[in-house]
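Okay, structure first, notes after.
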Amino acid sequence: MGFPDDTAFAAAYDTEFEAVWLYLRRLGVPEADVEDAVHDVFVVAHRRYGTYDRARPLRPWLLGIAFRIAAQWRRRHRLEVPVAQPEREFPDDARAPDEVVASRQASRRLHAALARLDIDQRAVVVMHDLNGIPVPEIASALDVPLNTVYSRLRLGRAKITAALRGEP
Amino acid sequence: MSERLPGELPEEWEDLGRADASELAPPAGAKDRVQRRVAVTLGLGAGFLAATGAGSSAAAGSSAAAGLGGAGAAGGAGAAGGGTGAAATGLAGSLLVKKLLVMGVVAAVGVGGGTAAYLEVRSERARSRAPVVTPPPAPAPVARPVAPPVPEPAPAEAPVDTLGEERGLLDGARQDIARGKLPEAGALLDRHAAEFPSGQLAEEREALVIRLLLREGREREARSRAQRFRQLHPRSIQLPGIDDALRERR
């Protein structure tokens, strides 16, 4: 069963596109593949709409689908030697050069910390601590017990804190 | 958020998150580009594209957007229902035979694409700066059965869970083409054609087949398939990419 109508689906796309994009990137889907992955998330969401509990917010449900797509991506690519990604260019970046550098460094710091988490912990920490989604919604979106979410969050946060403090 | 949550995060966390969000923000045009692809895959027409302005956005500025946003797309989707059934039935017999053939080829060649480092990317933006991989000299043409261009996909019937599998096959094929592993790419494309003849990514497959044929030096075949593809999918979002590939060859 698809979305009730195209306009509702378009509204959902319009509102959620960026969140889905960012979530996939934060789960490790590289820029070169993220358009494919976002495409796949919305295609699956459209087809799966019948399983969506409308009493719940849409975003966690979509991010739950995004998690599965990102996990599939990782399974396909886990044996690869990573290829260096070209630096993204910001041709019309209005910020001062030092701001640009600081922002890029901050982003790298965050991703270096996230990289220490396994994909399940990462999915939870990003949803909770970057998207601000409450634990019960995460449990529903990922279809795991509440206590599992708490436990992944606790372990994930500990790893991140250690990473940001420069601990091994 | 709750007292049950142990392990506070460092103070800088929120700043890092904000900086990261701006670093990873989608580039201009990505939203419209993906929306058009979603529309193609799901067979959605004007109602979907017009509602967010993807059909008319200046940033999009592509003929595909205009075509999909127009009434033609809506009409086309409706008409496809009837046409697809007949065409698909006609194909079914030959596909069964092909599938058996293909399975043999796949088994013989093996499938190594999934583990290849990806070097090639798809979006136009990314393509322009992707590392260039020079293919080795084209090997002798292989008599490889490749399913003909499929008619409009029938998304309503496609099982949801196969999208990842389809994506895996085409990803692998794309990587193999980029690395010059042409027989491996062919095996993956054949496998996709056999397993998902009218799959959700059938148009993407055909675009890859055309590129593979060009790489193999089978230009005449590539052109005739491209022509057929154009007739079957005059509004396909894959067409600009196919045209680019044909132009590069010239």
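Scanning region A:16-33 for residues that are part of a helix (DSSP H, G or I) and facing another protein chain (nearest Cβ under 9 Å) gives A:Phe17, A:Glu18, A:Trp21, A:Leu22, A:Arg25, A:Arg26, A:Glu31, A:Ala32, A:Asp33. When the criteria are applied in full, A:Ala113 meets the requirement of being surrounded by 19 or more Cβ atoms within 10 Å (Cβ to Cβ) and in a helix (DSSP H, G or I). Going by the structure shown, is A:Arg116 more than 9 Å from chain B (Cβ to nearest Cβ), in contact with a Leu (Cβ under 6 Å, 6 or more places away or on another chain) and modelled with pLDDT of 85 or more? Spelling it out, it is not the case that A:Arg116 is more than 9 Å from chain B (Cβ to nearest Cβ), in contact with a Leu (Cβ under 6 Å, 6 or more places away or on another chain) and modelled with pLDDT of 85 or more. Restricting attention to region A:97-122, the residues that are within 18 Å of A:Arg68 (Cα to Cα) and without any contact (Cβ under 8 Å) to a residue 24 or more places away in the chain total 1. Using the structure shown, decide if A:Tyr49 is more than 27 Å from B:Leu16 (Cα to Cα), hydroxyl-bearing (Ser, Thr, Tyr) and buried (at least 17 other Cβ atoms within 10 Å of the Cβ). When the stated conditions are applied, A:Tyr49 passes them. If the condition is being basic (Lys, Arg) and touching a residue at least 12 places away in the same chain (Cβ under 8 Å), then region A:131-168 contributes A:Arg152, A:Arg157, A:Lys159. None of A:Thr51, A:Thr7 is closer than 18 Å to B:Phe48 by Cβ, without any contact (Cβ under 8 Å) to a residue 12 or more places away in the chain and within 10 Å of chain B (Cβ to nearest Cβ) except A:Thr7.
Taking the criterion of being assigned to a loop (DSSP other than H, G, I, E, B) and closer than 20 Å to B:Val34 by Cβ, the only residue of region A:34-62 that qualifies is A:Arg48. Among the helices (runs of 4 or more DSSP H) confined to region B:123-242, there are none with at least 3 residues that are in contact with a strand residue (DSSP E or B) (Cβ under 7 Å, 6 or more places away or on another chain), on the phi < 0 side of the Ramachandran plot and at pLDDT below 90.
Taking the criterion of being among the basic types (Lys, Arg) and under 20 Å from A:Val144 (Cα atoms), the residues of region A:32-71 that qualify are A:Arg48, A:Arg54, A:Arg56, A:Arg59, A:Arg68.
The values are calculated or read from the model by the stated rules, or taken from the named source; none is laboratory data. Being a predicted model, the structure only gives us computed values, none of them experimental. All Cβ positions, even for glycine, are placed from backbone atoms using ideal geometry, and neighbour counts span all protein chains on display.
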